[in-house]
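The values are calculated or read from the model by the stated rules, or taken from the named source; none is laboratory data. Remember, it's a predicted structure, so these values are computed and weren't measured experimentally. Cβ placement follows ideal geometry from the backbone for every residue including glycine, while neighbour counts extend to all protein chains displayed. Only protein heavy atoms, including side chains, enter the accessible area calculation; ligands, DNA and RNA are left aside. Shrake-Rupley method; radii C 1.70, N 1.55, O 1.52, S 1.80 Å.
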Amino acid sequence: MTDKPADENPIIKKLRAWDGKMIAVTSEFRGELSLVLPPEQLARAAQCLRAAPGLQFDFLSDISAVDRFPIEPRFEVNYHLLSIPLRQTVRLRVWLPGQDPVVSTVVPVWPTANWHEREIFDLFGIRFDGHPDLHRILMPDDWEGYPLRKDYPVEGFRT
Amino acid sequence: MGVLDQRFEKNFMISSVDYVFNWARKSAIWPLTFGLACCAIEMIASTTARFDIARFGAEVFRPSPRQADLMIVAGTVTLKMGPVLKRVWEQMADPKWCISMGACSSVGGPFNAYSVLQGVDRIVPVDVYVVGCPPRPEGLFYALLKLQDKIEQMSLAKRPTEVRLQPEMVEQFKRGVMVAQTPSPR
């Protein structure tokens, strides 16, 4: 990893001051800050990042997922946050196991996460605990399997 | 006998019912507005003044399958779109025809993927396939002329689907196709 730790970043300092055990790993690469959180801390951290003075990440740009099969933990979910008033960005990351990947939803904090999380559920099979309406968004409702997983054949299962 | 006397002798023509019906059907094909991907852009371009599909009598694109008799499948058919396409096809009134425009709708094209139907002929009967990615408007016009030739062979005694499935028509079509055939290859 070429990323270097970023413990001196003011965003990190604010989060650490709020809860010292919240962030597992920090890294900064070309001015982009990434925070790795334990999955069970995500919902609380989201509320803090959205509301706390000096953070104010009021815009969730994107949620993306990565399948690192066969490495364990297999899945990685990235939350790209933007603070419109303070003009700063941060990336949250949680690592999830291949067996029953589940993470708490951030829809109560950022409502735009609704469709993002449905898309990740649709294509990766990662469940979002507490999501108001978690079902497929792109694939047909009766589709079997999660097509963007690395162990899913590109051509699908044809009969 | 008054005004009607001696009026009709010069105005009658003798023909067969098949000929008149086929002539009417092939000369005014009403396609369905059914663009799925980039082939739709070429289909739209073929309606414009530069290419002008109206020269072949097929310029009236209808937004409703009830009013159309030709479905031009112009673009990639995904598995999610497949049931919709089949339903639109079944909503069209007989006699109806189908042109598969481009590589995607004919065989899946470059999208050999889990989400793409590998050929629209798996769900609807196709009369004419157009090669190209996407085909030029001239390609679509050639398909339209081929379809008109096919409509000419229809008969009231047979349903259009039976005409479509005659094996000798396929053989005749293969003889008619000349793809990259040079008389004296170097």
- So which of A:H80, A:H131 ends up being in a loop (DSSP other than H, G, I, E, B) and farther than 20 Å from B:V116 by Cβ? A:H131
- Task: Confirm whether A:K4 is surrounded by fewer than 15 Cβ atoms within 10 Å (Cβ to Cβ), under 19 Å from the mean Cα position of the chain (by Cα) and modelled with pLDDT under 75.
- Result: no
- Query: Can you tell me which of A:D62, A:D58 is touching a residue at least 24 places away in the same chain (Cβ under 8 Å), under 12 Å from the mean Cα position of the chain (by Cα) and open to solvent by 50 Å² or more (accessible area, probe 1.4 Å)?
  - Reply: A:D62
- Cβ pairs under 7 Å, 6+ apart, first in the stretch A:93-118 and touching a residue at least 12 places away in the same chain (Cβ under 8 Å) and at negative phi, second open to solvent by 10 Å² or more (accessible area, probe 1.4 Å) and hydroxyl-bearing (S, T, Y): A:A113/A:T105; A:E117/A:T105
- Message: Please go through the stretch A:104-159 and give me each residue that is among the aliphatic types (A, V, I, L, M) and more than 14 Å from every other protein chain (Cβ to nearest Cβ), ordered by number.
- Response: A:V106, A:V107, A:V109, A:A113, A:I120, A:I126, A:L134
- Return yes or no: is B:E59 under 18 Å from B:L145 (Cα atoms) and free of Cβ contacts under 8 Å to residues at least 24 places away in the same chain? yes
- Restricting the stretch A:38-61 to residues that are assigned to a strand (DSSP E or B) and out of contact with any helix residue (DSSP H, G or I) (no Cβ under 7 Å at 6 or more places or on another chain), the one farthest from A:L86 (Cα to Cα) turns out to be A:S61
- Hey, B:G119 open to solvent by less than 10 Å² (accessible area, probe 1.4 Å), within 14 Å of another protein chain (Cβ to nearest Cβ) and either farther than 21 Å from B:W23 by Cβ or of a type in the set (G, A, S) (or both) or not: yes
- Task: Tell me which residues, restricted to the stretch B:45-73, are loosely packed, with under 15 Cβ neighbours inside 10 Å and among the hydrophobic types (A, V, I, L, M, F, W, C).
- Result: B:A49, B:A54, B:V60
